[in-house]
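In what follows, a single structure is set out as structure tokens and then discussed.
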Amino acid sequence: PRLRFAPSHTGYLHVGGARTALFNWLYAKHTGGTFILRIEDTDHARSTEAHTQVVLDGLQWLGLDWDEGPYFQGAEIARHRADVERLLAAGKGYRCFCTKEELEAQRKGSPGGGDGFKYDRRCWRLPPEQVAERVARGMPFVIRFLMPDEEIAWDDAVHGRITFHGRDLDDFVILRSDRTPIYNLAVVSDDIAMTITHVLRGDDHISNTPKQIALYRALGVAIPVFAHVPMILGTDGKKLSKRHGATAVGDYQNQGILPGAMRNFLALLGWSPGEDREILSEAGMIELFSLDSIQKKAAVFDVAKLEWMNGQYLSAMTAVELSGPLERELARMGVDTSGRALAPIVEGVKSRARTVLQLAERVAVRLDPSRGTLDDKADALIKKMGAGFAAGLEVALASLRQAGVDEWNPDGILARLKEAADAASLKIGDVMQPIRVALTGTTVSEPVNELLAVVGREPSLRQLERFVRRAPTA
RNA sequence: GGCCCCAUCGUCUAACGGUUAGGACACCACUCUUUCAAGGUGGUAACACGGGUUCGAUUCCCGUUGGGGCUACCA
């Protein structure tokens with residue numbers, strides 16, 4: 001099989017597009033087929049190289065490598081025109097001299113007031129000599145496709161049989177007056193030229209499919225397998241768009257989502273491997289993927305589940321595997337990591353983080369506790385403990401000052417603190433929690449003794465002292 | 001308006017005529033723990049509605065309702 005992903009270069013890779021690309025890629029990998037990338041840039045006004053690059057970067061980030069391309073639709077205009085000429089010569093297309101203004105007037109005058117307007121074929125009825133005369137006169141024209149009055153149906157690989165009728169379809173334009181091709185014509189021409197066997201695309205193309213099938217028939221070419229995958233919706237059930245927040249894969253990359261997690265999550269949106277599987281390896285996905293287990297229903301994009309999944313990937317990865325994305329994020333935050341061993345810190349915090357951003361923030365605080373800021377829960381705890389907070393901190397500090405460098409390890413610190421708490425008749429938690437808050441600004445962290453060990457003796461003591469001066473004593 | 005698609009917990013989904021309708025996220029308890037958003041255990045929560053077909057429908061058919069898509073010299 002030969003598959004293609006054909007995004008238009010809108011300047012960003014929409015998660016819906018990414019999911020479509022993923023399904024194409026999975027099917028190609030599963031069947032040993034070829035995955036082709038083609039950029040639809042016939043709308044040259046919007047076309048820029050930078051926009052194309054964003055799409056390429058997004059696919060690469062997700063690990064979706066293509067076997068051929070990227071091809072550019074805009075480079076094939078000569079072939080598109082040749083196909084249009086063939087249709088014209090065979091009487092399956094015709095010249096239309098109606099101007100945009102005339103069309104607009106016709107639209108306004110039609111029953112529906114414009115929506116659902118179908119061209120009335122007045123130019124098709126023009127006598128040949130009049131057409132020749134207008135062409136000779138240099139009158140501008142578009143070429144329309146003569147929609148046959150017949151049933152157009154196909155067996156969709158995800159929906160089953162879908163049936164349209166030519167009488168409901170318009171004689172749509174296939175070549176603009178500037179002799180550039182229109183989308184539907186270009187797609188069919190390209191898919192034929194590239195011998196595409198499976199067209200896997202979004203649901204929103206279902207209504208384009210009968211037009212394209214009519215074109216295949218007129219060109220005398222057998223149609224490929226069509227598979228229309230469901231759309232991705234926002235939480236309000238509407239087509240996912242920018243007003244829902246992050247919709248581009250680049251947005252999620254910036255928010256600290258790992259590519260593996262994103263791919264896994266996207267795969268499960270509209271497809272199910274069965275047997276309650278959730279976390280899937282790349283090989284597992286490829287092996288299990290099939291067109292007939294694709295959902296017909298649109299799916300809502302649930303960021304909470306994406307983040308959960310990202311957390312799963314995060315805690316399953318080793319500190320070494322995480323070092324790339326982590327250091328990139330730390331650099332972006334302006335944190336100096338030179339000469340510091342990050343691995344031990346990462347081990348302590350990765351299972352509690354859901355995004356690389358959170359991971360980086362926590363690592364940064366352990367590198368330099370003074371950058372921590374109090375969150376609401378920590379603030380509430382301080383208030384709740386009242387004088388006990390400062391008392392616990394004093395006890396901790398006094399005891400930790402006694403601990404030498406040779407003792408500054410998780411076991412040594414724990415022994416110290418236990419002893420000190422006992423001596424002061426405090427519960428161990430009344431000593432530990434204040435330390436945690438002072439060092440991280442939060443109520444959440446790895447065990448406090450490990451936290452102290454990883455932060456180091458001097459930085460820990462310095463931060464605790466700073467905090468004692470600040471903490472309320474009454 | 002016309003054409004088309006869709007319909008299981010709040011969300012992602014399993015079920016391919018017979019199940020106490022299963023899992024995951026989220027949520028709520030409990031548990032482990034010096035804390036926790038981590039781990040563990042448990043819980044609340046769904047077959048849109050009405051007709052058929054059938055011994056039997058979440059499952060097949062029709063309709064209703066509801067949602068969505070398309071309807072450009074955009075892609």
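The values are calculated or read from the model by the stated rules, or taken from the named source; none is laboratory data. Remember, predicted model here, so these are calculated numbers, not experimental data. Because the Cβ atoms are built from the backbone with ideal geometry, glycine has one as well, and the counts that use them run over all protein chains shown.
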Is it the case that A:Phe23 is touching a residue at least 60 places away in the same chain (Cβ under 8 Å), under 17 Å from A:Tyr183 (Cβ atoms) and not β-branched (Val, Ile, Thr)? no
Among (1) out of contact with any strand residue (DSSP E or B) (no Cβ under 6 Å at 6 or more places or on another chain); (2) among the hydrophobic types (A, V, I, L, M, F, W, C); (3) within 13 Å of RNA strand B (Cβ to nearest atom); (4) modelled with pLDDT under 95, A:Leu56 falls short only on (3)
Return a yes/no flag: does the stretch A:457-466 have any residue that is within 39 Å of the chain's Cα centre (by Cα), under 20 Å from A:Ala360 (Cβ atoms) and outside any loop (DSSP other than H, G, I, E, B). no
Could you tell me whether the stretch A:89-97 includes any residue that is farther than 27 Å from A:His205 by Cα, within 11 Å of RNA strand B (Cβ to nearest atom) and surrounded by 13 or more Cβ atoms within 10 Å (Cβ to Cβ)? yes
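Here's the yes/no breakdown for (1) under 32 Å from the mean Cα position of the chain (by Cα); (2) of a type in the set (Val, Ile, Thr); (3) within 17 Å of A:Phe97 (Cβ to Cβ); (4) not in a loop (DSSP other than H, G, I, E, B):
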residue	(1), (2), (3), (4)
A:Ala132	no, no, yes, yes
A:Met139	no, no, yes, no
A:Arg144	no, no, yes, yes
A:Arg201	yes, no, no, yes
A:Pro210	yes, no, no, yes
A:Ile213	yes, yes, no, yes
Being more than 28 Å from A:Arg277 (Cα to Cα) and within 16 Å of RNA strand B (Cβ to nearest atom) is the filter here; which residues of the stretch A:306-345 pass it? A:Pro344, A:Ile345
Applying the selection to the stretch A:133-173, what residues are more than 29 Å from A:Leu291 (Cα to Cα), more than 12 Å from RNA strand B (Cβ to nearest atom) and free of Cβ contacts under 8 Å to residues at least 24 places away in the same chain? A:Glu133, A:Ala136, A:Arg137, A:Gly138, A:Asp149
Looking at (1) within 15 Å of RNA strand B (Cβ to nearest atom); (2) more than 19 Å from A:Arg366 (Cα to Cα); (3) touching a helix residue (DSSP H, G or I) at 6+ places or on another chain (Cβ under 8 Å), can you tell me which one A:Ala390 breaks? (1)
Looking at the stretch A:293-309 only, could you name the residues that are surrounded by 14 or more Cβ atoms within 10 Å (Cβ to Cβ), assigned to a helix (DSSP H, G or I) and either polar (S, T, N, Q) or touching a strand residue (DSSP E or B) at 6+ places or on another chain (Cβ under 9 Å) (or both)? none
Residues within the stretch A:33-88 that are polar (S, T, N, Q) and not in a helix (DSSP H, G or I), tallied: 4
Would the stretch A:242-254 turn up any residue that is in a strand (DSSP E or B), aliphatic (A, V, I, L, M), more than 14 Å from RNA strand B (Cβ to nearest atom) and out of contact with any Ser or Thr (no Cβ under 8 Å at 6 or more places or on another chain)? yes
How many residues does the stretch A:278-292 hold that are more than 9 Å from RNA strand B (Cβ to nearest atom) and either part of a helix (DSSP H, G or I) or more than 19 Å from the chain's Cα centre (by Cα) (or both)? 10
Return the pair list, or none, for Cβ contacts closer than 6 Å from residues in the stretch A:427-455 that are closer than 19 Å to A:Gln358 by Cα to residues that are more than 10 Å from RNA strand B (Cβ to nearest atom) and in a loop (DSSP other than H, G, I, E, B), at least 6 apart or on different chains. A:Thr440/A:Gly372; A:Gly441/A:Gly372; A:Gly441/A:Thr373; A:Gly441/A:Leu374
Kindly check whether there is at least one residue in the stretch A:346-353 that is loosely packed, with under 15 Cβ neighbours inside 10 Å, modelled with pLDDT of 90 or more and of a type outside the set (D, E, K, R). no
Quick one: which of A:Glu102, A:Glu85 is over 15 Å from A:Phe172 (Cβ atoms), within 15 Å of RNA strand B (Cβ to nearest atom) and out of contact with any Lys or Arg (no Cβ under 8 Å at 6 or more places or on another chain)? A:Glu102
Expected single match for in a loop (DSSP other than H, G, I, E, B) and modelled with pLDDT of 95 or more among A:Pro148, A:Pro111 is A:Pro148
Within the stretch A:419-448, how many residues are in a helix (DSSP H, G or I) and within 28 Å of A:Ala364 (Cα to Cα)? 14
If you go through the stretch A:330-339 one residue at a time, do you hit one that is surrounded by 15 or more Cβ atoms within 10 Å (Cβ to Cβ), part of a helix (DSSP H, G or I) and touching a residue at least 60 places away in the same chain (Cβ under 8 Å)? no
Within the group A:Ala214, A:Ala136, A:Ala193, A:Ala132, which residue is of a type in the set (A, V, I, L, M) and in contact with a strand residue (DSSP E or B) (Cβ under 9 Å, 6 or more places away or on another chain)? A:Ala214
Could you list, ordered by first residue, the pairs with Cβ atoms under 7 Å in which the first is in the stretch A:94-110 and more than 22 Å from A:Pro148 (Cα to Cα) and the second is small (Gly, Ala, Ser), at least 6 apart or interchain? A:Lys108/A:Gly114
